[in-house]
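Here's the structure, in structure tokens; my notes come after.
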Amino acid sequence: MSTLLLKNADIIATYEGSFTCLRNSYLGIEGDTIDYIGSSKPTEKYDEEKDMHSRLLIPGLINSHGHSGMVLLRGLGSDLPLQDWLHQMWPIEDRMRVQDLQVGMKLAMLEMIATGTTSFSDMYLRPRDMTAVVEQSGMKANIARCITCPDTAMRYESFAPARESIELFKDFHKAFDDRLRIDFSIHAQYTITDLIARRYSEDCLDNGGRLHVHISETRKEHEDCISQLGKTPTRWFADLGTFKSPTAAAHCVWASDEDISIMAQNKVSVIHNPSSNMKLGSGFAPIGKMLRSGINVALGTDGAASNNNLNMLEEMHLASIIHKGYHLDPTLMKPETVLRMATANGALLQGRPDTGSLEVGKKADICAIDLDKPHLVPNLDPLALLSYSAQGSDVCMTMVNGRILYENGQYLTLDRERILREAEESARFLYGK
Ligand SMILES: [Zn+2]
């Protein structure tokens, strides 16, 4: 097995659950696993040494909620409320061919890799056709066949998307050296019937799967559910048995105190998407309350049409500052909390305990930040630098399972020029221009 030593780097390592910043230190990798972290040079000889002077090594970022193919909808339907925005998206999505969806995911990956993301959770269209893209990219991904079914007459036995979802799980879960995971996914309470949601949740549990859903993104969605069904979307999912499987709930902007305690009791993870919530005017998720209740809160970009980029460092910045402003309290959302949301908490949500932190024995999923930039000097507090000063463009290396996917502007697994050209061609087809 080949070995690599990253030397002279600043490293945000984790010891017994807490971040520690080492200066001018060493990180050794054997195969796909970190086998050394320390401030003195290891005595063991490594096959290759790489000088990382003025680089800050952090755990690879985990984008816990997105819709990769929506990069082709970037810039569409700006400045509209969610329901009107969705009506702009759907006709274009209906026109998307397999090649559009594949190039969309590749375009999303170019952006994510270059801004330090090593793993992402995705719910979008035709996931079976996306598996080869994940294989090629070298990234880690939890992808899902997201189901919707507003037809109240639909019988579960006749509902093909549920069967497709289960077959996808059986065929591809843990494929490509476990880089690919298959999740189950229900789009949201307002796009599915009770019957289909309950039976699908049972199938998820029977198969040992994980669920990815949207919950209470907007006030309208939350209040419509209460007025129509007499309960919140969180209570509705809980009553249907959805939360018996490990569940990741995106947004939860309008979650009530009771919803938060239901999610805490059921160990539901929440994904905070600050850019999307701000851009669509959805509101401020009660992240402080969720964290105090012990909920695992991760971070995501959501799709590029509601963000409009997939830059996790920008999400970290927004997650760091918006709650301080909203609650008039600068002590909220400390940098270590936000970095944990963008890394270890995402790993927990994805069911990947072997990643999400820089520790001996964990997978070598690493992002390097180039500190040789005016806005990153002086480096008094690396965690604060990450939350408040760093930009996605400061990422100079992204590594997954010990394999470098991106370094100093160069992609090693994806053909940047071809993907950009094909994405422009797809956009011309989709918009008829
Ligand atoms: Zn979403």
Exercise for review: Scan region 130-148 and give yes if some residue there is within 16 Å of the ligand (Cβ to nearest atom), within 30 Å of residue 284 (Cβ to Cβ) and either outside the structural domain of residue 256 (by TED's automatic domain parsing) or assigned to a helix (DSSP H, G or I) (or both), otherwise no.
Suggested key: no
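Where in region 1-75 are there strands (runs of 3 or more DSSP E), lying wholly inside it, with at least 2 residues that are within 30 Å of residue 425 (Cβ to Cβ)?
Numbers: elements: 3-15, 18-30, 33-38, 48-51, 55-59, 61-66.
Where strands (runs of 3 or more DSSP E) fall fully within region 1-75 and carry at least 2 residues being within 30 Å of residue 425 (Cβ to Cβ), they are 61-66.
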**Study point:** Odd one out for residue 131 among (1) without any contact (Cβ under 8 Å) to a residue 40 or more places away in the chain; (2) more than 16 Å from the chain's Cα centre (by Cα); (3) open to solvent by less than 30 Å² (accessible area, probe 1.4 Å)
**Key:** (1)
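Conditions tested, residue by residue: (1) out of contact with any strand residue (DSSP E or B) (no Cβ under 7 Å at 6 or more places or on another chain); (2) away from the ligand (no atom under 16 Å from the Cβ); (3) modelled with pLDDT of 95 or more.
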| site | (1), (2), (3) |
| --- | --- |
| 305 | yes, no, no |
| 337 | yes, yes, yes |
| 340 | yes, yes, yes |
| 354 | no, yes, yes |
| 357 | no, yes, yes |
| 370 | no, yes, yes |
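May I ask you to list the residues in region 1-13 that are touching a residue at least 40 places away in the same chain (Cβ under 8 Å) and either out of contact with any Leu (no Cβ under 6 Å at 6 or more places or on another chain) or loosely packed, with under 13 Cβ neighbours inside 10 Å (or both)? Steps first, please.
Within region 1-13, the first condition is being touching a residue at least 40 places away in the same chain (Cβ under 8 Å), and the residues that meet it are 2-13.
If the condition is that a residue be touching a residue at least 40 places away in the same chain (Cβ under 8 Å) and either out of contact with any Leu (no Cβ under 6 Å at 6 or more places or on another chain) or loosely packed, with under 13 Cβ neighbours inside 10 Å (or both), then 2, 3, 4, 5, 7, 8, 12 are the ones that fit.
Would you point out the residue of region 85-98, among those that are at pLDDT 85 or above, assigned to a helix (DSSP H, G or I) and out of contact with any helix residue (DSSP H, G or I) (no Cβ under 7 Å at 6 or more places or on another chain), that is surrounded by the most Cβ atoms within 10 Å (Cβ to Cβ)? Steps first, please.
Start the filter on region 85-98 by keeping residues that are at pLDDT 85 or above, which leaves 87-98.
If we keep only those that are assigned to a helix (DSSP H, G or I) as well, we get 87-95, 98.
Still in the list and also out of contact with any helix residue (DSSP H, G or I) (no Cβ under 7 Å at 6 or more places or on another chain): 87-88, 90-91, 93-94.
On the way: 87: 11, 88: 14, 90: 8, 91: 9, 93: 19, 94: 9.
Per the criteria, the residue is 93.
When you check residue 356 against the structure, is it within 25 Å of residue 139 (Cβ to Cβ) and surrounded by fewer than 24 Cβ atoms within 10 Å (Cβ to Cβ), yes or no? Talk me through it step by step, then tell me what you get.
Working: within 25 Å of residue 139 (Cβ to Cβ): yes; surrounded by fewer than 24 Cβ atoms within 10 Å (Cβ to Cβ): no.
The answer is no for residue 356.
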Check your understanding: Can you find even one residue in region 48-60 that is of a type in the set (Val, Ile, Thr), away from the ligand (no atom under 16 Å from the Cβ) and over 19 Å from the mean Cα position of the chain (by Cα)?
Key -> no
Check your understanding: Restricting attention to region 318-325, does a residue exist that is surrounded by 24 or more Cβ atoms within 10 Å (Cβ to Cβ), in contact (Cβ under 8 Å) with a residue 40 or more places away in the chain and of a type in the set (Val, Ile, Thr)?
Key -> no
Review point. Restricting the search to region 193-227, which residues are more than 15 Å from the ligand (Cβ to nearest atom) and either polar (S, T, N, Q) or not in a helix (DSSP H, G or I) (or both)?
Key: 193, 201, 207, 208, 209, 210, 227
Check your understanding: surrounded by 24 or more Cβ atoms within 10 Å (Cβ to Cβ) and modelled with pLDDT of 95 or more: does that describe residue 275?
Key -> no
Study note, to complete from the structure: Among 240, 313, 291, 299, the single one that is within 16 Å of the ligand (Cβ to nearest atom), aliphatic (A, V, I, L, M), outside the structural domain of residue 387 (by TED's automatic domain parsing) and at negative phi is 299
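The values are calculated or read from the model by the stated rules, or taken from the named source; none is laboratory data. Because the structure is a prediction, the values reported are computed rather than measured. FYI the Cβ positions are ideal-geometry reconstructions off the backbone, even for glycines, and counts take in every protein chain you see. For the accessible areas, the whole protein counts, side chains as well, though only heavy atoms, and no ligand, DNA or RNA atoms are used. Shrake-Rupley method; radii C 1.70, N 1.55, O 1.52, S 1.80 Å.
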